[in-house]
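**Q** Just dropping this structure here.
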Amino acid sequence: MTLLADYAAQEQHSLGRRFAEEPPTYRSEFQRDRDRIIHSAAFRRLEYKTQVFVNHEGDMFRTRLTHSIEVAQIGRSIARILHLNEDLVETIALAHDLGHTPFGHAGQDALNACMKDYGGFEHNLQSLRVVDELEERYADFPGLNLTYESREGILKHCSPQKARELGDVGQRFLNKQQPGLEAQIVNLADEIAYNNHDVDDGLRAGLIKLEQLCEIRLFAEQFHVVKQRYPELTDRRLIHEIIRRMINLLVVDLIDHTQQRIAEVNPDSIHDVRAQTEMLAGFGEEMQALHLELKQFLRHRLYRHYRVHRMSAKASRILSALFNAFMDDIGLLPYDYQQSAKDYEKQQGKPGRARAVADYIAGMTDRYAITEYGRIFDAAELT
Ligand code: MG
């Protein structure tokens with residue numbers, strides 16, 4: 001690893017773990033965090049969770065696992081130039097989607113609606129819950145017992161009420177402070193990754209067309225550059241060449257402008273970064289506008305496409321039906337979740353029971369949710 005900047009997350013100034021542990025022998029504390037995530041059950045399940053397309057729609061599309069790896073790649077490239085902590089960036093990137101429900105955005109909305117009277121459901125908070133509570137791997141503590149800096153990065157946003165309940169990592173939302181630069185970079189690397197791969201997957205699925213994308217400036221500019229230089233290129237290679245150039249433009253702009261802001265503010269520690277009223281990482285104004293245009297295009301043309309909506313509507317019916325069935329009869333849950341439902345209900349009443357059901361459903365992959373729905377509702381499966 002290259003020398004860390006003063007404003008980077010540094011192990012010797014870490015705010016530590018919730019449960020004290022001996023330091024690792026040959027690894028840094030942040031390497032240990034990353035390794036714990038890679039060995040977790042929630043991380044393996046990302047392979048069968050999706051964002052826009054349901055997993056069985058085809059093997060060609062991104063899953064949350066490949067997405068998380070893409071975010072880690074983009075994040076690390078940026079971190080290295082800015083002399084930030086690459087291990088921490090990788091940790092946050094690999095963990096950022098651990099709490100996602102099956103069926104992407106549709107699943108999250110459905111589960112949030114089911115949990116409306118029981119404290120709601122938010123995938124960001126759930127990612128933190130996975131690493132703090134739900135993973136069962138270590139003798140000495142629940143969860144993965146990650147460092148404060150990793151947990152801070154995983155919690156991207158949160159309501160004031162939840163922030164109060166969370167304590168340490170929630171405090172910055174009440175104080176209107178920022179997370180460290182490593183967390184800020186992963187957040188933006190996430191946006192760069194999903195906007196670009198949604199263009200790629202959307203085109204491959206035939207839901208959006210090249211001509212439509214040429215209405216978008218960021219895409220159109222690269223389209224013309226590539227077309228002029230390689231007039232004979234096949235569509236497949238043309239698309240990939242445009243996408244790689246878009247990612248590169250976004251990354252370079254992000255690095256340049258973040259470097260500028262760092263030079264202006266001149267923070268001498270991560271505490272200085274946290275104390276800022278604004279994020280230090282960000283695109284320049286012009287790129288910000290171009291990126292927003294691309295995001296809005298995807299929202300209208302892809303996420304609201306009727307074929308995506310059909311998948312989403314079906315997904316949301318499956319999750320709501322499962323939720324209601326488990327709430328009405330926790331005897332349908334596997335034994336360990338039955339036990340959690342009873343324990344939480346004893347402590348918190350009905351919201352406790354709902355939380356155990358939400359934990360079970362949120363942990364499902366797309367295909368597991370479909371199978372589970374069949375096991376509970378399909379009469380043919382009785383035979
Ligand atoms: Mg993501």
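The values are calculated or read from the model by the stated rules, or taken from the named source; none is laboratory data. Only a predicted model underlies this, so the values are computations on that prediction, with no experimental measurement involved. Backbone-built Cβ (ideal geometry, glycine too); neighbour counts: all protein chains shown. Surface accessibility is based on the protein's heavy atoms, side chains included, excluding ligands, DNA and RNA. Shrake-Rupley method; radii C 1.70, N 1.55, O 1.52, S 1.80 Å.
**Q** Please find, among A315, A321, the residue that is touching a Pro at 6+ places or on another chain (Cβ under 8 Å) and small (G, A, S). Full working, then the answer.
**A** Numbers: A321 fails: touching a Pro at 6+ places or on another chain (Cβ under 8 Å).
Going through A315, A321 in turn, just one is touching a Pro at 6+ places or on another chain (Cβ under 8 Å) and small (G, A, S): A315.
**Q** Another question about this same structure. Could you list, in sequence order, all residues of region 206-241 that are within 15 Å of R301 (Cβ to Cβ) and loosely packed, with under 11 Cβ neighbours inside 10 Å?
**A** G206, E211
**Q** Can you list the helices (runs of 4 or more DSSP H) lying wholly within region 122-192 that have 2 or more residues being open to solvent by less than 10 Å² (accessible area, probe 1.4 Å) and either touching a residue at least 60 places away in the same chain (Cβ under 8 Å) or of a type in the set (K, R) (or both)? Before the answer, list the steps.
**A** Details: elements: 123-129, 148-154, 160-166, 171-175.
Correct list: 148-154.
**Q** State whether one or more residues within region 318-327 are more than 30 Å from G363 (Cα to Cα) and loosely packed, with under 13 Cβ neighbours inside 10 Å. Step through it out loud before you land on a result.
**A** Residues of region 318-327 more than 30 Å from G363 (Cα to Cα): none.
There is no residue in region 318-327 that is more than 30 Å from G363 (Cα to Cα) and loosely packed, with under 13 Cβ neighbours inside 10 Å.
**Q** Same structure, new question: Any residue in region 206-219 that is in a loop (DSSP other than H, G, I, E, B), over 30 Å from L322 (Cβ atoms) and of a type in the set (V, I, T)?
**A** Start the filter on region 206-219 by keeping residues that are in a loop (DSSP other than H, G, I, E, B), which leaves 206-209, 214-216.
The next check asks that each one be over 30 Å from L322 (Cβ atoms); those that pass are 206, 208-209, 214-216.
Applying the additional criterion that residues be of a type in the set (V, I, T) yields 208, 216.
Within region 206-219 (the criterion being in a loop (DSSP other than H, G, I, E, B), over 30 Å from L322 (Cβ atoms) and of a type in the set (V, I, T)), the answer is yes, since at least one residue qualifies.
**Q** Here is a follow-up. Among the residues of region 74-98, which ones are within 16 Å of the ligand (Cβ to nearest atom) and either outside the structural domain of I38 (by TED's automatic domain parsing) or of a type in the set (S, T, N, Q) (or both)?
**A** Initially, region 74-98 is screened for residues within 16 Å of the ligand (Cβ to nearest atom), giving 74-76, 78, 89-98.
Answer for region 74-98, where residues must be within 16 Å of the ligand (Cβ to nearest atom) and either outside the structural domain of I38 (by TED's automatic domain parsing) or of a type in the set (S, T, N, Q) (or both): just T91.
**Q** Let me ask something additional. Of (1) away from the ligand (no atom under 16 Å from the Cβ); (2) basic (K, R); (3) assigned by TED's automatic domain parsing to the domain that holds N195, R17 satisfies all except one. Which?
**A** Failed condition: (3).
**Q** So which residues in region 339-367 are open to solvent by 10 Å² or more (accessible area, probe 1.4 Å) and either of a type in the set (A, V, I, L, M, F, W, C) or under 15 Å from R317 (Cα atoms) (or both), if there are any at all?
**A** Answer for region 339-367, where residues must be open to solvent by 10 Å² or more (accessible area, probe 1.4 Å) and either of a type in the set (A, V, I, L, M, F, W, C) or under 15 Å from R317 (Cα atoms) (or both): just R367.
**Q** Quick one: would you say D168 is over 12 Å from the mean Cα position of the chain (by Cα) and modelled with pLDDT under 95?
**A** On the way: over 12 Å from the mean Cα position of the chain (by Cα): yes; modelled with pLDDT under 95: yes.
Spelling it out, D168 is indeed over 12 Å from the mean Cα position of the chain (by Cα) and modelled with pLDDT under 95.
**Q** Hey, another quick one. V252 fails exactly one of the following numbered conditions: (1) touching a residue at least 40 places away in the same chain (Cβ under 8 Å); (2) under 25 Å from the mean Cα position of the chain (by Cα); (3) assigned to a helix (DSSP H, G or I). What is the number of that condition?
**A** Exception for V252: condition (1).
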